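For reference, the structure discussed in these notes is given below.
The values are calculated or read from the model by the stated rules, or taken from the named source; none is laboratory data. Note that the structure is a prediction, hence the values are computed from the model and not measured. Virtual Cβ from ideal backbone geometry, glycine too; neighbours counted across all protein chains shown. Protein only, heavy atoms only, side chains kept; ligands, DNA and RNA dropped before computing areas. Shrake-Rupley method; radii C 1.70, N 1.55, O 1.52, S 1.80 Å.
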Amino acid sequence: MVKLKTEEEIAFIKESSLILGKALAEAAKILKPGITGLEIDKLIETFIKDQGAVPSFKNYRGFPFSICCSINEAVVHGFPTSSEIKDGDIVSVDCGVFLNGFHSDSAYTFAVGEVSSKVAKLMKVTKECLYRGIENAVAGKRVGDVGYAVQNYAESNGFSVVRELVGHGLGKELHEEPEVPNYGKRGNGSVLKANTVIAIEPMINLGKREVKTLKDGWTVVTRDGSPSAHYEHTVVVRNGKPEILTTFDFVENELKNNKDLTYI
Ligand code: MG
Ligand code: MG
């Protein structure tokens, strides 16, 4: 069942989302060739705890870290590791914050140093897919309208959409109903009601859409080894116009100041 949120609950999620936006900006401050995923995890975890909040992902179904750090062919759920990030890598940092009993969820893909024009286009299109999906998070539209908007834009740009992992409702739980696939048909699926809070999170591959899970039981990678990008916002379905609760403002301000990252 979809749990509609009260305005008070939405305000709590917005507060959590603000901390999350600032937490992701911590990654934008230190990301450069030579940095490891574990260092980013530690920094973000400390930041979240210093705000009096809790990292949503840590120990979620046994996940051992506060962020997912998915590099290049890793789509989502990557383990932060001690390997050094290299020039030309793309790094998706996905994180959640639990505050006042409510979760928020957001992800951003960073280009470290110079990336190829093809990969830059993948990132740009994936971020645009996110906003095209969000435009459809309006009361009276259907889940399939969100998925269609994402899929249509990704595929018309020559990229493919991961099917196995989807966006989701969230609130008191990190994952609630409804499921929000990044593919679908217009007018299909359940009707979106005002005050539904959902995470919209396109996962778009440069090559084929098939994925597999690594032996760690978590890290999802593309089968063909092609790069994959991922951006995510927590959004409230509203009448007329959706409301985005998470923010990339802090991330993008830091990104533009970090000469080791390319803003795409
Ligand atoms: Mg996420
Ligand atoms: Mg999510």
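Of everything in the range 188-202 that is among the hydrophobic types (A, V, I, L, M, F, W, C) and away from ligand 2 (no atom under 16 Å from the Cβ), the residue that is farthest from Gly96 (Cα to Cα) is Val191. Yes or no: the range 30-52 includes at least one residue that is within 16 Å of Tyr108 (Cα to Cα), among the hydroxyl-bearing types (Ser, Thr, Tyr) and touching a residue at least 12 places away in the same chain (Cβ under 8 Å). Scanning the range 30-52 turns up no residue that is within 16 Å of Tyr108 (Cα to Cα), among the hydroxyl-bearing types (Ser, Thr, Tyr) and touching a residue at least 12 places away in the same chain (Cβ under 8 Å).
With respect to the stated conditions, Val91 fails to be surrounded by 21 or more Cβ atoms within 10 Å (Cβ to Cβ) and part of a loop (DSSP other than H, G, I, E, B).
Among the residues making up the range 20-56, those that are open to solvent by less than 20 Å² (accessible area, probe 1.4 Å), touching a helix residue (DSSP H, G or I) at 6+ places or on another chain (Cβ under 7 Å) and among the β-branched types (Val, Ile, Thr) are Ile40, Ile44, Ile48. Inside the range 141-173, residues that are in contact with a helix residue (DSSP H, G or I) (Cβ under 6 Å, 6 or more places away or on another chain) and farther than 25 Å from Lys208 by Cβ make up a count of 0.
Results for (1) of a type in the set (S, T, N, Q); (2) under 24 Å from Glu155 (Cβ atoms), shown as yes or no for each residue.
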| site | (1), (2) |
| --- | --- |
| His175 | no, no |
| Pro178 | no, yes |
| Arg186 | no, yes |
| Ala199 | no, yes |
| Leu214 | no, no |
| Tyr231 | no, yes |
| Thr234 | yes, no |
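Taking the criterion of being more than 16 Å from ligand 2 (Cβ to nearest atom), in contact (Cβ under 8 Å) with a residue 24 or more places away in the chain and either within 22 Å of Glu164 (Cα to Cα) or out of contact with any helix residue (DSSP H, G or I) (no Cβ under 8 Å at 6 or more places or on another chain) (or both), the residues of the range 63-87 that qualify are Ile71, Asn72, Glu73, Phe79, Pro80, Glu84, Lys86, Asp87.
Report yes if some residue within the range 165-172 is open to solvent by 40 Å² or more (accessible area, probe 1.4 Å) and either within 15 Å of ligand 2 (Cβ to nearest atom) or in contact (Cβ under 8 Å) with a residue 60 or more places away in the chain (or both); otherwise report no. Yes, because at least one residue in the range 165-172 is open to solvent by 40 Å² or more (accessible area, probe 1.4 Å) and either within 15 Å of ligand 2 (Cβ to nearest atom) or in contact (Cβ under 8 Å) with a residue 60 or more places away in the chain (or both).
Remark: Tyr131 falls outside the filter, which requires a residue to be open to solvent by 10 Å² or more (accessible area, probe 1.4 Å) and either touching a Lys or Arg at 6+ places or on another chain (Cβ under 7 Å) or at positive phi (or both).
Of all residues in the range 210-224, those satisfying the criterion of being surrounded by fewer than 21 Cβ atoms within 10 Å (Cβ to Cβ) and not aliphatic (A, V, I, L, M) are Glu210, Lys212, Thr213, Lys215, Asp216, Gly217, Trp218, Arg223, Asp224.
Of the residues Lys22, Lys42, Lys29, the single one that is within 17 Å of the chain's Cα centre (by Cα) and in a helix (DSSP H, G or I) is Lys22. Taking the criterion of being surrounded by fewer than 21 Cβ atoms within 10 Å (Cβ to Cβ) and closer than 12 Å to Glu164 by Cβ, the only residue of the range 182-208 that qualifies is Tyr183.
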